[in-house]
Structures are given as C-alpha cells and as structure tokens.
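Each remark here refers to the structure printed beneath this line.
The values are calculated or read from the model by the stated rules, or taken from the named source; none is laboratory data. Treat the numbers as computed from the prediction; the structure is a model and nothing was measured. Methodologically, a virtual Cβ is constructed for each residue, glycine included, from the backbone with ideal geometry; neighbour enumeration extends over all protein chains shown. Quick note on the areas: whole protein, heavy atoms, side chains included, nothing else; ligands and nucleic acids left out. Shrake-Rupley method; radii C 1.70, N 1.55, O 1.52, S 1.80 Å.
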Amino acid sequence: MRIETESDGVSASRKHLVFAYYVTGHGFGHATRVTEVMRHLILAGHDVHVVTGAPDFVFTSEIQSPHLFIRKVLLDCGAVQADALTVDRLASLEKYSETAVKPRASILAREIEWLNSIKADLVVSDVVPVACRAAADAGIRSVCVTNFSWDFIYAEYVMAAGLHHRSIVWQIAEDYSHCEFLIRLPGYCPMPAFRDVIDVPLVVRRLHKSAKEVRNELGVDDNVKLVILNFGGQPSGWKLKEEYLPKGWLCLVCGASENQDLPPNFKKLAKDAYTPDVIAASDCMLGKIGYGTVSEALAYKCPFVFVRRDYFNEEPFLRNMLEYYQCGVEMIRRDLLTGHWTPYLERAISLKPCYEAGINGGEVAAHILQETAIGKNYASDKLSGARRLRDAIVLGYQLQRAPGRDMAIPEWYATAENQLGLSSPSSPVDDGSSEFSGIEDFEILHGDVQGLPDTVAFFKTLSELGEKHTRRERKAAASLFIWEEEIFVARAPGRLDVMGGIADYSGSLVLQMPIREACHVALQRVNPSKHRLWKHAQARQNAKGGEPTAVLQVVSYGSELGNRGPTFDMDLSDFMDEEGKPISYEEAKKYFAQDPSQKWAAYVAGAILVLMHELGVRFEDSISMLVSSAVPEGKGVSSSASVEVASMSAIAAAHGLNISPRDLALLCQKVENHIVGAPCGVMDQMASACGEANKLLAMICQPAEIVGLVEIPNHIRFWGIDSGIRHSVGGADYGSVRIGTYMGLKMIKSKASDELSELRANGLNYDEVEQDDIELLKQEASLDYLCNLLPHRYEALYAKTIPESIIGEEFLKEYKNHNDPVTIIDEKRNYNVRFPTIHPVYENFRVKTFKALLTSATSSDQLTALGELLYQCHYSYSACGLGSDGTDRLVHLVQELQHSAASKSEGGTLCGAKITGGGSGGTVCVIGRNSLKSSEYIFEVQQRYKKATGYLPFIFEGSSPGAGKFGYLKIRRRVASIKNVSTGGDSPQSPV
C-alpha cells in the first residue's frame, strides 16, 4: 500500500487520543522526524507522550504545547559509534544486550504499567523493538514508522561478531512481529519482520525562514558559496584548515566544540541553529549519510557530498536514492581528512537535484496513526513476520543482494537497478551466445581466449567503454585506459572445496575444483606524465608539487551489490617509507583499514607491495586496473583468492615477471594473511592459480605441495549450491576455530614431550617395539602440522587430554602461546578445542580415502562411499561450530532426495553433500551421478530451499582453467575502433 497524496492536514478528531511514541537512541535523525509526526498529532488536538533518550530541546524547540509529554528512558542503544564515521559492531551488540536484553523482564513490566497508566490509545515506535511487545502485552495496538529496523541492521553485525549473538536478532524480530503494520519511509531497507506495510512520502522538517533571511542573519553575501559541514560530531584528531575550501567559499560547521579554533573561512553554527533552514540556504552539504540529512537534502535540493560510514547498513539504500535523484557526490575518506575537498565541492554545485515527490510524510503518517487509534484497520492477515525473518536472518538476509532473492525494494531502487543493469554486475559466464562481438575491436598480441565465454564477454565489456554510461563504475572505467597502448588481461577462477576445507592450515590433503565463474583483470602500465588522473588524484599530486609520480587507479565492477566504493586510487609512493624502502605489511594493513568501503583494494593493491617485499620489484610507472569478477562474494567459493590471483597475474605479466603458478599462489596468500588480515590457508589461491578444468587439484598444504590432478570420472559430477549466508574467513567463528585447532596441536605436542620425559626419567631398557614407539613420540612432540598425526594415535594417546574448551587466559598461562602467526588469542574468550582438534586429524584421512575411491572401479558402492565421506565432513564442521542452519537445510534436502523412492529406482542420483571452505554459511558441495535426473534433483533442491526460506540459491556447475593454464593476454585496441571511443569519463568519487 502506498499513500502519497497531499492532504489538508490531520483533521481534528472528535475523540481526544493519547499516543505513546517510542524513539530509538540512535542519533538525532530519528528524534527530528518523530517531532514532525508528533507536531501534526498535537495540532489535531491529541496528547503525545514521547519516550526517548534524546535531549528535550530536540522536541521543545519545534513543539511548545501542553499536549507534549517527555519521558526520559533509553530502551535501545542503536549502533555504537567508535567515531563520527565508524560503527563498532561488537560494542553495538553488547550494549544492546545490556540495555534491552538482560533487563527485558523489568522493562516489559514497567512499560505495561506505564502504558496503562496514561491510557494510551496507540503505541508508535521509531523503531524500538520492545515497545511493540509491551504494547501487545498491555492490549494496545502498535505501529512502527521507519526506514530501517534493527533486525536488519544487527544481522550483519552478528555475522561479523559471531553467531552466539544471533538470539538478539531473533528477539528483535519477535518483538516487531507484534506490530500491527509498518509505515515505511523512502530510502528503506528490507524489513521482512513486519506483517504489512504502508508507504508514505519523505518525513521532512518544515522551513521557518527563507534562504535570503538565513544568509542575512549569518552575514553571508549572495556571491559567497556556502557549504554546511554536518557530521554530528567530527572525526577524532581532525583539524580544519583554510586551504580545504575553494576561494570564495564559507563553511558552516555543525557541532563544533566551544574551544575549537576555526580558520577564517569556517564559521561555527549555534547549537540551537535550525538545520533545515541552513541546509536550504546552502549551496551544498558535506557530511555523513543518515535519514535526516538525506531527506532534507532531497527536499530542499541541496547537493550532498557524503563520506561512507563503516558498517552503517542502511547507508546503501539512502545513497542510491541520493544518486538516483542526482543529489549526491561521494568523497573518499582519505580526501576528507587530508583536505582535498575542492573537486568534490565543485562537482556538487554542478548537480541539478531532481527530487519532486512528496515531502509531507509527517502529515500523512500522523493521519494514518490517528485513524488507526480511532479503530480503522489498515493491516491484512499475513504470515508471522518473526517466523519469516528467522529464516531470513539465518539464511543470510543481509546487506548483500543477490539475483533471485525475494525481497521488496523501493520503486526508485528497482528502476535504478534496471537502468544500471545490476542483473549482471560483472563479467557474465555464459549468455548462451557464441558471438565473439567485442574481440574484433582488439588485436591479441599474446595469448588465447581459449574459447572461454566469460573472457569473450569481458572483451565486449572493454569494447563498450567508449559508450556513454550512467552507471558510476562504468563512467570511471571509461577513462581508465589509453587505448593506443597495450593492455594485459589475466583471469583466475573461484574454487569449489570438494574435500579438505578448514583442514588446509593443519597440513591436510585437499581436493579443489576450479569453478566456471572467474575474475578478470585488465591492466595497463602508463608513464606518469601520460596518465589521465581522476580529478581528486590530480589535485593531490598538484598539492605535492614537482613532477608527476606513479599512481595506481582501480575500478571494481559490482560495487552496487555491497557497501564498497567502486574506485580506488593511491600514490605508489605511499608504499615507500622515508628511507625509500617498502613499508611493512602491518603498516599496509592499517593503510587499507582506514576506510572499510575501500578495504577491498587491499586484495588488488596488496599484490604490488608483496612483489616489492618478496621479489624486490620497483614500480616506477603508473598502473590502471579494471577488476571484473563473476565469482560471487561471501559464498565460500574463494572470491577473494580469484581477485588476488588475477590481479597479481596481470601485474606480473605487465612487468615481465616470470612467476610459477605455485609461487604466485604463495605470494597471494601473503596478501590475504598479512595485508587483508584474513587467516586463510593457501588452498584457495593454489586452486585458483594451479587448477585445471574438470579436474580436482590434489595438494598437501605443508605449505603447498601439489601431488597431482585427479580426473573427475565421467559418471561423477559435482555441484555447488549457495545457502545465501554470507561467509568470511576473516569472521570471528573461523578465526576462533583456527585458534582452537592450534591450541590442540600445542597440547598434543606438550603431551608427547611429557611422555618422552617420563620414559627417559624411568631409565627403561627398550626393545625394538618400544624404540619405534619412542620415535613416534619424538615426531609427535615436534609436529608441524596436526594432519600428520594418525587417527589411531590420536585416539590411543591424546583424545582424553584435549579439553572440550578452554579460556584463552588459562591456555596462555599453561602453554605461553599457540604458535599461529596469523591469529591472536583473546584472553577472555572461551575457545572450543576438542572438535577443532579432531576435525583435521580425521579430515586428512577422509580426503585420502576420497581420492583413492575416485580412481577405484565404478560401482554404486563407490558413489555411496564418496557421499558418506562428504556427510561425515559436514557434521564434523558443525561439531567445530562452523555449521549454519542454511547449509544444514541444504544437506538435509539432498539426503531427502537421495533416500527417496524415486532416487532408489533410478539406481541412486545425488549421493552426498557438505559445507565448504571456511564454513559458517557459504556454499554446499554436492556429489552425484552425472545424469539428467541428478540435475533435475539439484533444481528440486533449489526450489524447495526457496520455498522454505524465500531465497533462491545460486547453483555452481561446470569448471574452467586456473590462472596458470590461462596465462595472460596482451591486447591493443584496433586503430579503426579507437576513433569511436570517447575519452571522457568521470570517477564517481571525483568527477572531472
């Protein structure tokens, strides 16, 4: 339901009503929009009791009425800000637990009593979860008014902080399910917890003064360009300087401290300044995205230069609305803090904001609330929101949007999606066409496309860069290359973890299949004097003075699918210290961590620093790179490894470096471990670099010994089915299991040493058998890899000595360290040890058995045994704490079909399944007969999963060559086609 029509106001009701309005403690934006709704309710003659933690003046400055009652209570904390631009995800969950979870019983009792005491006719929430439950328990109807809900926001936090927090999300969902319906504001996030929805226009505070009146009061001439700095508190350690602004500009600073000294072209706004009036009088605004700033920028057509906020999950939806209505310019955080503002401000004042929709959402919402309180029924009887959301959260209903996912998105977002072509965000794998359109525009000077349809499609993407684009990343890519010069293209696939998984860092044998989906990287070396720089990069160089220096510029396709910037640039001199030596990996890690929206660049640019450190390479030319990956992110199929391997392959090719695929994989692992900071093993990079199509790469991870390529028998086939749950090897669960594994290894080595010492102390005379036992103990006392311990030795000597879990502090006290260079023990955390220790010991044995079975005689028993090994691996993951409800559901669906009467009559089709990679979501690997019926069953699993969860899984099928087998392409655009190529193109972060 959508209500957008203008009205004559909220009519005075014949019945005097009492509203209880709960306001979240997250930011002033909620309080200000609530004030606008309340103002109309009070004008209609009703009483409004606002329950809030916000200061009184936010409400009383706009509403002076005896019908307004303010009750100071904080019932949710929102998101905890580490600073003006950063949300602390773990602290947010912990504070919410302290604020709303632990005292829940007393909160409910108190609120029920209070609601009854004021005789509330309706409870309104923006968007406090417990208010909905309290209203239900008090027998009062409730309505929410918002553009986001905390279940959606916290869902991503839970995936990062650990699934042990997810009961918080479930409780919030349960609370929201008691809400009768949602009044949904523009720029909204997915909110499946609510049973019914009514859409209204923007809720925007009205203007009190004209732009001319505001400028006169501020003493600002008409010819002065005015920018309002609106961060709600400024980034720590930030000092404003006069040179940050172009000549003839004045900056009005919100929230400046009393003792803060400002340059002459900066002016403090009074604390009680009415921000909407100032925004409407300004030429543009510079700040962080929030509902209040975005709605007022759109309503009053004030161009908004915004800086991304870390882990602020509603931001992408508000950002897309800004850009859709031509009202937003994104600024890189580095340029904000270093004062390179000019190109962004100049771009902003050239925009022509075009938002023409309604801005009377406060009035419309108030009318709906009044009618609801009187008794009108707006809601329909739909499925419980809590039950729907529980599946949604467990199955990764988060910020990442994927094709096929059932979710309601705004009309403007859907329109933008169609215009931007988001259904194919990166190089497609196979569009069903055999045409080689695009390739004819290029000379291939080295290499072969090998008939790969995704490489052909990537050529087409390159050939179309000369066309006019509206999509931000395509506009940036259009000016990336000098077409008369050579371009190098590399390709690296993702991988399906058939067997081995998390046992790789314990030295296991692993079996990995390169998948059909791959990452392509196009790279060009450019003399700094000829390099076309984006405007903000040029401004940065000009500020340094002197000759042009080498710059890296990267465009990454697919940024709309995640909260990351589409471009990245840096001076390559940033990788050098004052003595002219490469900076350390730790310094680089901090460099890329400054702005999480650009942390993805560590996977690409990190390859340059690793080559500097490990091979002594010096980079004197500028580098332009286009990264286009069809490997879905967060699904456990090594999207990061494919980007790393393709990037390093392209860099190596362009600089004449002859690096073997194995060595290249090891270098890429250094990028991920030391610069990105993800504690992964090396199997992902090895599979991407060294794999071959339709074969399993067999490798012993000690550290990376390839023992061969195993042909997949013609009667066997592997599939991957995506659960929809976002997976990350940098996540807390993967890291804690890895720590538990290394703790177990340390305990086993200590136990073996103790046994040896005891034998020596007893001074026994050993016969030949005893001497062999001593040799085994010596080996076990110096184990480098847990997988070198045989299962029977583990059971005989060590199983009883490994505790189920241990507190980090206790472990360190007894064992000093766990000897893992890429993880750190948290002294306060309780680590699961027994199952993380058992898993690699038995997994190595399972993988060896699996490999032997693959090459054995064809039989039904062969497939059954292979499938059983997958199942055993899956449940071992779960015992470690790396399972998930979504992957468990997929494995169960495979089991149902495997044991169905129809499957048995076919002689067996699907035979086994397991979670893959780092676990905690991601993709399930399925094994079965290579038959049409098996494919039909895979699609049946897909449809049953969608019916149960609302999520349509992506199916991975097919294989392709690794980067080593592909090599590289050296190409140049043909002269005839260069004439048709436009040289224009703006960086979306600093348009020319």
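To keep it simple, each residue is scored yes or no on (1) within 26 Å of CYS925 (Cα to Cα); (2) open to solvent by 60 Å² or more (accessible area, probe 1.4 Å); (3) touching a residue at least 24 places away in the same chain (Cβ under 8 Å).
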| site | (1), (2), (3) |
| --- | --- |
| ILE807 | no, no, yes |
| ASN819 | no, yes, yes |
| VAL847 | yes, no, yes |
| PHE850 | yes, no, yes |
| GLN862 | yes, no, no |
| GLY867 | yes, no, yes |
| CYS873 | yes, no, yes |
| ASP885 | yes, yes, yes |
| HIS892 | yes, yes, no |
I'm told THR549 meets every condition in (1) over 21 Å from MET331 (Cα atoms); (2) in contact (Cβ under 8 Å) with a residue 12 or more places away in the chain; (3) not in a loop (DSSP other than H, G, I, E, B) except one. Can you identify the failing condition by its number?
(3)
So, restricting to strands (runs of 3 or more DSSP E) that lie completely within region 225-312, which ones have at least 1 residues that are closer than 17 Å to GLU323 by Cα?
284-288, 304-307
State yes or no: is LEU93 open to solvent by less than 40 Å² (accessible area, probe 1.4 Å), out of contact with any Ser or Thr (no Cβ under 8 Å at 6 or more places or on another chain) and at negative phi?
yes
Check whether at least one residue in region 692-714 is more than 19 Å from GLN598 (Cα to Cα) and under 24 Å from the mean Cα position of the chain (by Cα), and report yes or no.
no
Restrict the check to region 593-601 and report whether at least one residue is of a type outside the set (Ser, Thr, Tyr) and at pLDDT 90 or above.
yes
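Can you tell which of ARG516, ARG525 is under 30 Å from GLY883 (Cα atoms), open to solvent by 10 Å² or more (accessible area, probe 1.4 Å), in a strand (DSSP E or B) and of a type in the set (D, E, K, R)?
ARG516
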Please go through region 255-291 and pick out each residue that is acidic (Asp, Glu) and out of contact with any Lys or Arg (no Cβ under 7 Å at 6 or more places or on another chain).
GLU258, ASP261, ASP272
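Which residue out of LEU383, LEU322, LEU351 is at pLDDT 90 or above and surrounded by fewer than 23 Cβ atoms within 10 Å (Cβ to Cβ)? I'd like the intermediate steps shown before the answer.
Numbers: LEU383 fails: at pLDDT 90 or above; LEU322 fails: surrounded by fewer than 23 Cβ atoms within 10 Å (Cβ to Cβ).
When all the criteria are applied, what remains is LEU351.
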Being in a loop (DSSP other than H, G, I, E, B) and of a type outside the set (Asp, Glu) narrows it down to one residue among GLY867, GLY883, GLY912; which is it?
GLY883
Just name the residue that is nearest to ASP784 (Cα to Cα) out of those in region 811-826 that are part of a loop (DSSP other than H, G, I, E, B) and of a type in the set (A, V, I, L, M).
VAL822
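For region 170-189, name all the residues that are part of a strand (DSSP E or B) and open to solvent by 20 Å² or more (accessible area, probe 1.4 Å).
The answer is ARG184, and nothing else.
Residue-wise test of (1) open to solvent by 20 Å² or more (accessible area, probe 1.4 Å); (2) modelled with pLDDT of 90 or more; (3) closer than 19 Å to SER597 by Cβ; (4) of a type outside the set (Gly, Ala, Ser).
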position: PRO276; (1), (2), (3), (4): no, yes, no, yes
position: GLY287; (1), (2), (3), (4): no, yes, yes, no
position: GLY290; (1), (2), (3), (4): no, yes, yes, no
position: ALA297; (1), (2), (3), (4): no, yes, no, no
position: PRO303; (1), (2), (3), (4): no, yes, no, yes
position: ASN313; (1), (2), (3), (4): no, no, yes, yes
position: GLN326; (1), (2), (3), (4): yes, yes, no, yes
position: ARG334; (1), (2), (3), (4): yes, no, yes, yes
position: TRP341; (1), (2), (3), (4): no, yes, yes, yes
Evaluate region 106-116: report whether one residue or more is at pLDDT 95 or above, in a loop (DSSP other than H, G, I, E, B) and either of a type in the set (A, V, I, L, M, F, W, C) or open to solvent by less than 50 Å² (accessible area, probe 1.4 Å) (or both).
no
Filter region 559-612 for residues that are within 25 Å of the chain's Cα centre (by Cα), of a type in the set (A, V, I, L, M) and surrounded by fewer than 20 Cβ atoms within 10 Å (Cβ to Cβ); which is nearest to ILE332 (Cα to Cα)?
ALA593
If the requirement is being free of Cβ contacts under 8 Å to residues at least 40 places away in the same chain and touching a helix residue (DSSP H, G or I) at 6+ places or on another chain (Cβ under 7 Å), which of these qualifies: MET576, MET570?
MET570
On the given criteria, is HIS46 surrounded by 19 or more Cβ atoms within 10 Å (Cβ to Cβ) and at pLDDT 85 or above?
yes
I'm told ALA492 meets every condition in (1) at pLDDT 90 or above; (2) in a helix (DSSP H, G or I) except one. Can you identify the failing condition by its number?
(2)
Checking ILE289 against (1) touching a Ser or Thr at 6+ places or on another chain (Cβ under 7 Å); (2) closer than 16 Å to GLY27 by Cβ; (3) of a type in the set (A, V, I, L, M), which single condition isn't satisfied?
(1)
Looking at the structure I just gave you, is ALA654 surrounded by fewer than 24 Cβ atoms within 10 Å (Cβ to Cβ), touching a Lys or Arg at 6+ places or on another chain (Cβ under 7 Å) and not hydroxyl-bearing (Ser, Thr, Tyr)?
yes
Only one of these is of a type in the set (A, V, I, L, M, F, W, C), over 20 Å from GLY339 (Cα atoms) and in contact with a Phe, Trp or Tyr (Cβ under 8 Å, 6 or more places away or on another chain): LEU207, LEU269. Name it.
LEU207
It is to be established whether one or more residues within region 762-775 are open to solvent by 50 Å² or more (accessible area, probe 1.4 Å) and of a type in the set (Ser, Thr, Tyr).
yes
